[in-house]
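Some notes on the structure that comes next.
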Amino acid sequence: MAAAGYMGLSPEEMEQLKLSAILHDIGKIGVEDRVLRKQAGLNDEEFGLMKTHPRMGAEIMQHVEKLKYVIPGMKYHHERFDGKGYPDGLKDVEIPLIARIISVADTFDAMTSDRPYRKGLTDETAISELRKFSAIQFDPDVVKAFIQAHKDGKIISLQFKNCEEKTGEEKTI
């Protein structure tokens, strides 16, 4: 939402983004627990199963008439700007803007979050990766807005929040 605030989205688009982002991984309820709960990286077969979650999420939401408008953001959040993503291999502006925003935010969250098999990256390293893959994996305009929101202190990683919780101190950016 913070990055979108720099992109001139309408109030309706902001609401669509908010709900799409909240629900973007709902399709994971259709992915086997052995894959979701695995304590190590996924093998090719498991990754193939994981890649079905955007389409499953869209199928689930098809049955909720009042929320069908969130489907594009959910379904296409793993598409890549260069067309090498999934589920449909969309590229550039073929990917709905809401999905392009979710992609950047979701990737930043994934990179900065601890996993059972690796420690989360620092914000600085994650931002560097977003820059590196701008116009390849990510929409460069979204990356620019996300980085600006981060610089302005509107985006704080989980790592930062966890540090605050552990020390009981409030940190300033």
Per DSSP, the loop-located trypsin sites (Lys or Arg not before Pro) within the range 123-154 having at most 14 other beta carbons within 10 Å are none
Note, ³J(HN,Hα) from phi for the range 53-68, Karplus 6.51, -1.76, 1.60, rounded to Hz, x at Gly and Pro
5, x, 5, 4, x, 5, 5, 4, 6, 4, 8, 10, 3, 6, 10, 4
Set of aspartates and glutamates near Lys119 by C-alpha distance (under 14 Å), chain-local residues within fewer than 8 positions excluded:
Asp109
Give the residue list of chymotrypsin sites (Phe, Trp or Tyr not before Pro) in the range 41-125 that are DSSP loop and have at most 13 other beta-carbon atoms within 10 angstrom.
Tyr117
Among the listed pairs Lys51/Lys151; Lys18/Lys68; Lys18/Lys91; Lys28/Lys68; Lys66/Lys151, which are separated by more than 25 Å between their Cα atoms?
Lys51/Lys151; Lys66/Lys151
Quick check of the Kirkwood formula: for the range 64-133, what is the inverse mean of 1/r over all pairs of different Cα atoms, in Å?
13.1 Å
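What Kirkwood hydrodynamic radius, in Å, does the chain give when the mean of 1/r is taken over all pairs of distinct Cα atoms and then inverted? Please list the in-between numbers first.
On the way: mean 1/r = 0.0591 Å⁻¹.
The Cα-based Kirkwood calculation yields 16.9 Å.
Take the chain, mark every one of the GluC sites (Glu not before Pro) that falls in a DSSP loop and has at most 16 other Cβ within 10 Å, then report the longest stretch left between them, sites excluded. Before the final figure, lay out each step's value.
Working: sites that count: Glu32, Glu169, Glu170.
Answer from the scan: 33-168.
Contour minus end-to-end for Leu42 and Glu94, with contour as 0.36 nm per residue of separation and end-to-end as the Cα-Cα distance? Display every interim value, and only then the final one.
Numbers: separation 52, 0.36 × 52 = 18.72 nm, distance 2.87 nm.
Going from the current span to full extension adds 15.8 nm.
Please go through the range 24-129 and write out the trypsin sites (Lys or Arg not before Pro) that DSSP classes as loop and that have at most 16 other C-beta atoms within 10 Å. Don't jump to the answer; show the numbers that get you there.
Values: sites: Lys28, Arg34, Arg37, Lys38, Lys51, Arg55, Lys66, Lys68, Lys75, Arg80, Lys84, Lys91, Arg100, Arg118, Lys119; in loops: Arg37, Lys38, Lys51, Arg80, Lys84, Lys91, Lys119.
Filter output for the range 24-129: Arg37, Lys38, Lys51, Lys84, Lys91, Lys119.
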Calculate, in nm to one decimal, what Leu49 and Met1 gain on full extension: separation in residues at 0.36 nm each, minus their alpha carbon distance.
14.4 nm
Please state the charge dipole magnitude for the range 46-154, taken about the Cα centre, from unit charges on C-beta atoms (+1 on K and R, -1 on D and E), reported in debye and rounded to the nearest 20.
80 debye
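Laboratory data are not the source of any read-out in this text; all were calculated from the coordinates shown. Given the structure is predicted, the values throughout are model-derived calculations rather than measurements. Ideal geometry is used to build each Cβ from the backbone, glycine not excepted, and the neighbour counts take in all protein chains shown.
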